[in-house]
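Comments concern the structure below.
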Amino acid sequence: MDSSSAVIDCPLCLSEVPYTRKTEPRNSTVYGYGLDFRIVPRDCNLSVELATCPNCLFTSRVEDFRRRVPGHVQDLIRSREYVKMFKSHEDEAYSARSWLAHLSILEARGLNPRDLGVISIKGSWVARELESLSTEAELLKAADCFLDDALRRGLTKGDPGMVMYLLGEINRRRGEFLRAREMLTFLGNNPRYRYPALLLTVLVEEEDSTPYWSRHAPDQMEQHSPRFKGLFPSLRSIPPGKTEFFPDELSEPSEQPD
């Protein structure tokens, strides 16, 4: 993805805030899918979507910088708890921490917990790309809390199955296998999530917390992977810092050239 540097004024302290501006659309070629519905490489480089003021630490999507910031959100940004999120974090880790700050601001604005959970998951992708694995773990924990809240309060936007499935996957990744198994049991035989839930069940029983991706979307893995063997598709893990993917990385062994 081509990009260039730019600046925008902070709506709180009026300081100049540097950010990365996309000059071309993301690569639309899809090479792989994550079990948390990430599409790579389309969902790479999400770190350019947020900007953080170097002076007051206000964080937001670049396109939202001109929105009015309510007084109670301003109080949050000035709080010790908010500033502490950035303390002792620099460089790439600092960019990853911006997603935690962004979440706290959106929560203060009253965003639906289901949406906060999804944003937490996206933030975890950014943290992994930036090799900030401790922040990735915090964002996965936040996703668990938000989605659990959405499920308990019935704020799932008409799709509780998606929330239960994601809670199963998030807790598998966190190594909380008992909770992951519980979520998948609640999901039952929901036809929309049946195939990925079968895979997650196997990974949970094996206590495998590795992030996985394949060339097939989660709801198509059983149907299309020749190595599924009725239950388990051919998958690869996503290493930290991995942002480039190529078709041959996802080829089945039988399809590799001699």
Taking the stretch 122-134 and keeping residues open to solvent by 10 Å² or more (accessible area, probe 1.4 Å) and either under 18 Å from N171 (Cβ atoms) or in a helix (DSSP H, G or I) (or both) leaves K122, W125, R128, E129, L133, S134
For the structure I just gave you, tell me whether G154 is free of Cβ contacts under 8 Å to residues at least 60 places away in the same chain and at positive phi. yes
Considering the stretch 54-71, residues that are outside any loop (DSSP other than H, G, I, E, B), within 18 Å of L100 (Cβ to Cβ) and not charged (D, E, K, R), and then whichever is modelled with the lowest pLDDT, we arrive at V62
- Qualifying residue in the stretch 102-116 (condition: free of Cβ contacts under 8 Å to residues at least 60 places away in the same chain, buried (at least 16 other Cβ atoms within 10 Å of the Cβ) and among the small types (G, A, S)): yes
Out of (1) surrounded by fewer than 18 Cβ atoms within 10 Å (Cβ to Cβ); (2) of a type in the set (A, V, I, L, M, F, W, C); (3) modelled with pLDDT of 90 or more, the one V48 does not meet is (3)
Among residues of the stretch 140-175 being of a type in the set (D, E, K, R) and within 20 Å of P218 (Cβ to Cβ), the residue most open to solvent (accessible area, probe 1.4 Å) is K157
M1 meets each of (1) modelled with pLDDT of 95 or more; (2) within 30 Å of T210 (Cβ to Cβ) with one exception, condition (1)
Of the candidates A137, A93, the one satisfying the condition of being under 26 Å from L166 (Cβ atoms), in a helix (DSSP H, G or I), open to solvent by less than 30 Å² (accessible area, probe 1.4 Å) and of a type in the set (A, V, I, L, M, F, W, C) is A93
By residue number, the members of the stretch 62-99 that are touching a strand residue (DSSP E or B) at 6+ places or on another chain (Cβ under 7 Å) and closer than 20 Å to E138 by Cα are S98, W99
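The values are calculated or read from the model by the stated rules, or taken from the named source; none is laboratory data. Since this is a predicted model, take the numbers as computed values, not measurements. Using ideal geometry, Cβ is built from the backbone for each residue, glycine included, and neighbour counts are taken over all protein chains shown. Just the protein is used for accessible areas: all its heavy atoms, side chains included, with ligands, DNA and RNA removed. Shrake-Rupley method; radii C 1.70, N 1.55, O 1.52, S 1.80 Å.
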